[in-house]
1. Assuming residue 316 fulfils every condition listed in (1) aliphatic (A, V, I, L, M); (2) in a loop (DSSP other than H, G, I, E, B); (3) closer than 23 Å to residue 46 by Cα apart from one, which condition is it?
2. Would you check which residues across region 218-249 are closer than 17 Å to residue 182 by Cβ and within 16 Å of the ligand (Cβ to nearest atom) and list them?
3. Among the residues of region 1-47, count how many are more than 26 Å from residue 65 (Cβ to Cβ), touching a strand residue (DSSP E or B) at 6+ places or on another chain (Cβ under 8 Å) and among the aromatic types (Phe, Trp, Tyr).
4. Please work out if residue 351 is part of a strand (DSSP E or B) and over 17 Å from the mean Cα position of the chain (by Cα).
5. Output the helices (runs of 4 or more DSSP H) that fall wholly within region 71-188 and possess 3 or more residues being farther than 30 Å from residue 9 by Cβ and modelled with pLDDT of 95 or more, or say none.
6. What are the pairs, 6+ residues apart or on separate chains, where a residue within region 129-151 that is among the acidic types (Asp, Glu) has its Cβ under 8 Å from a residue that is modelled with pLDDT of 95 or more?
7. Write out, first by first residue and then by second, each pair whose Cβ atoms fall under 8 Å of each other, whose residues are 6+ apart or on separate chains, and whose first residue, in region 349-375, is under 18 Å from residue 335 (Cβ atoms) while the second is part of a helix (DSSP H, G or I) and among the aromatic types (Phe, Trp, Tyr).
8. Under 15 Å from residue 109 (Cβ atoms), among the aromatic types (Phe, Trp, Tyr) and either outside the structural domain of residue 111 (by TED's automatic domain parsing) or in contact (Cβ under 8 Å) with a residue 24 or more places away in the chain (or both) - does that describe any residue in region 11-28?
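The values are calculated or read from the model by the stated rules, or taken from the named source; none is laboratory data. Small disclaimer: the values here were computed from a predicted structure and weren't measured. Positions of Cβ are backbone-derived with ideal geometry, glycine not excepted, and every protein chain shown enters the neighbour counts.
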Amino acid sequence: MKITGVTAYVLEELLGDKAFGWSQWVTDRRQTALCLISTDEGIEGVGEALSTSGPARIVASIISDSFAPLIMGRDPFDSAVIWDFLYNRSRDQGMKGLPIAALSAIDIALWDIKGKALGLPVYKLMGGAYRNKARVYATGLYEPQHVPSVAEALVAEALGYKKDGFSAMKLKIGYGIDTDMRYVKAVREAIGEDITLMVDANHAYNAAEAVRLAQAMEEYDVYWFEEPVPPEDIDGYLEVKQKSRILITGGECEFTRYGFRELITRRAVDILQPDLCATGGFTEMMKILAMASAWNVAVIPHVWGTSVGLAASLQLFAVLPHFPERRYPAEPFFEYDRSPHPFRDAVTREKFVMRDGYLDIPDRPGLGVTLDMDFVREHATSVKLEKG
Ligand SMILES: [Mg+2]
């Protein structure tokens, strides 16, 4: 089988009055870069690159201008060889960030092709499923704009998730310790004791602040404290982890096995959160998982994108091992972004619906989704490279 075409699609939509704040800025748009790879056998694969902060147009341009010409004519089943080849070609300036997100989208699309060619879901190709459904937690509880009381709006949103059947949810913090404590207290008191509550500061604090906040949050039974300090501050992570009784998590801003090496070998977090669509796709994620299991550091992936990234992340979630294996292992949570996203579910024909707090993991070939090309063509700008 040969790769005959690569198309990168950019989707972007403004959020208007649904813009939402978090510890770093107010997000006023959702955007993403999708990658569609076609082959001489008529099989197509799709991937997504995480675009939380980087302009999706740049990611799409890396896919189509840098990487696409290098993989024309290659066999999608050589995905690991292709990964190393592309990484090496961008290594000098592209060890982290957008080039790796672009590489992730390509790798995910290649695995989609392999699965579709063999008639098997990606999780079968990666060694089989530990689970066929994912217990989800709601990511939301950002800072709504234009509301009279943020705390009241957060409480209403949290109660909505509880009513919808979520057993866990994640609150954004990082606005200053006093404000954070007001939100944590309000949400915890509203949802009661039975719902798991996580918080995420998106690296808003230094270690001393984060320790103070972690200790103050203890009485509200916070399950994990995500990205307390900047991703570069490994010693800060260690300090917070050692002084906090709340689990410390992080990793969504890290890339590739090389980037995760220090986080894992220094045991800087309790739970590692690599993002499949940012850190290098399935090929690289398998290596990160192997390294994490060797150091017995738990992994619960970060997930944030359209239903393409969601579908891919569900395939990964199926193969996520237990940390450690035991008779009654702890079941991981799957991140289910519920924050405003105008086209999250519109890009694929297949839709994902939560039932009783779980998402089913598709057992269809590849990622188990197909792009809704009518929607994508109508809403995306695209850059296409084709070779017969
Ligand atoms: Mg996060």
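1. (2)
2. Going through region 218-249, the residues closer than 17 Å to residue 182 by Cβ turn out to be 218-222, 225.
222, 225 - these are the residues of region 218-249 that are closer than 17 Å to residue 182 by Cβ and within 16 Å of the ligand (Cβ to nearest atom).
3. 2
4. On the way: part of a strand (DSSP E or B): no; over 17 Å from the mean Cα position of the chain (by Cα): yes.
No; evaluated as a whole, the condition is false for this residue.
5. Values: elements: 79-90, 98-118, 122-125, 150-164.
Correct list: 150-164.
6. Filtered contacts from region 129-151: 143/20; 143/21; 143/22; 143/26; 143/150; 143/172; 143/175.
7. 361/123; 361/317; 367/111
8. As a first pass, look at region 11-28 and keep what is under 15 Å from residue 109 (Cβ atoms): none.
The answer is no, given that none of the residues of region 11-28 is under 15 Å from residue 109 (Cβ atoms), among the aromatic types (Phe, Trp, Tyr) and either outside the structural domain of residue 111 (by TED's automatic domain parsing) or in contact (Cβ under 8 Å) with a residue 24 or more places away in the chain (or both).
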